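Structure record follows, encoded as structure tokens.
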Ligand code: ASP
């Protein structure tokens, strides 16, 4: 229950990677290795979180993240409940805080929250007693995505430190870009952002990244090419002439990938706009790590849930 919540991380919530220490991040990645193996067994379930309750509170659309958290909780034997705002009392005008206080009255251990407003999970974290995991807040952060990306990179390359990671596309609207920039640089990678000026925040000076307004120089020698989705739902005004034009100047195809390191991997958080930011042949090609990212997501989320809410002394896998 909430009172006995004993986090094995140095914090009770996972709100972002900007505030996550490298030590906590590595603890999550190392723990995820154990759960990755569990997920490849014939019986993919451990009793680790028996008696714990996790509520997925999603106010925005999701395929991978919500399913992944649900599978993660179930593989740990927790009771997992999914709340989606459509069909709930949110449509009757209930506020975010009232909704969450009502869910909290049912005594969950962790609320996994996705919301279109940047800062919503942070706002809730100081008003509830249970743990909060940010599953994506507006254009701000998506920490478990960055953690699963780091896990995927570490497995593919054997390390993160010293690698060059090029993140390209709609950086302005991307919580994935922000969370990865903080996390990957904390773990010793060099991060480059590439995108049209209209899709790059006007001030990137506080970010630990190198910024390019053409994709070709940003790809040169990259070990990892992380492609961002054009966030159609967050594009306002004429930020792009057309998707065709974007694909012609920034889309990642075989030809552009030739500029990266020979053994570079290609990542995308999904959902992919095929033929816009990423060519279908590359998405399905031998260098694509897209489905590895999805598999890693379950293990990483199992690790996060375990580290945030297991009983003291409870081993990850017994
Ligand atoms: N699925 C990721 C997110 O929720 C990436 C995206 O939607 O483009 O942020």
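No value in this document is a laboratory result; all are computed from the given coordinates. Just so it is clear, the structure is predicted and the values come from calculations on it, not from any experiment. Positions of Cβ are generated from backbone atoms using ideal geometry, with glycine treated the same way; all protein chains shown enter the neighbour counts.
Quick one: Debye curve from the alpha-carbon atoms of the chain only, equal weights, vacuum; give me log10 I(q)/I(0) at q = 0.07, 0.13, 0.14, 0.15 Å⁻¹ to two decimals.
Result of the Debye calculation: -0.27, -0.92, -1.06, -1.19.
Which residue, 203, 98, 279, has the most motion in a Gaussian network model of the chain that connects Cα atoms within less than 10 Å?
Looking only at 203, 98, 279, the largest GNM fluctuation is found for 203.
Give me the number: length gained by fully extending residue 287 to residue 253, i.e. 0.36 nm times residue separation minus the C-alpha to C-alpha distance, one decimal in nm.
Computed gain between residue 287 and residue 253 is 11.1 nm.
Quick one: if the Förster radius is 25 Å, what FRET efficiency do residue 79 and residue 233 give, using the C-beta to C-beta distance and rounding to 0.05?
Computed FRET efficiency for residue 79 and residue 233 comes out at 0.20.
Within a 10 angstrom radius of the beta carbon, how do 267, 200, 106 rank from fewest other beta carbons to most?
In increasing order of surrounding Cβ atoms, one gets 106, 200, 267.
Using only the alpha-carbon atoms, how far is helix 22-38 inclined from the longest principal axis of the chain? Give it as 0 to 90 degrees, nearest 10.
Helix 22-38 sits at roughly 80 degrees to that axis.
Cα-based Rg (one decimal) and Dmax (whole number) for region 186-318, in Å?
Considering region 186-318 through its Cα atoms, Rg and Dmax are 17.7, 57 Å.
Counting only the backbone N, which residues of region 169-198 are under 12 Å from the spot 7 Å out from the Cα of residue 26 toward its beta-carbon?
Answer for region 169-198: 187-188.
Quick one: if you take sqrt(5λ) for each eigenvalue of the C-alpha gyration tensor of region 251-318, what semi-axes come out, biggest first, whole angstrom?
So the equivalent ellipsoid measures 35, 12, 8 Å along its semi-axes.
Determine how many Å³ per residue the convex hull of the Cα atoms of region 148-256 encloses.
101
Which value at 222 nm does the chain reach when only helices count, each DSSP H run of 4 or more adding -39,500 (n - 2.57), with the total divided by all residues and rounded to the nearest 500 deg cm²/dmol?
So the helix-based figure for the chain works out to -10500 deg cm²/dmol.
Give the shape of region 3-117 as rounded, prolate or oblate, defined through the alpha-carbon gyration tensor: a ≥ b ≥ c are the square roots of its eigenvalues, a/c under 1.5 means rounded, and otherwise the shape is prolate if a/b is larger than b/c and oblate if not.
Taking the square roots of the gyration eigenvalues as a ≥ b ≥ c, region 3-117 is prolate.
Could I have the simple spin-label model distance between residue 101 and residue 40, label points 7 Å from Cα toward Cβ, reported in nm to one decimal?
Distance between label points: 4.8 nm.
Relative contact order for the chain using alpha-carbon pairs under 8 Å, separation at least 6, rounded to a whole percent?
Relative contact order comes out at 24 percent.
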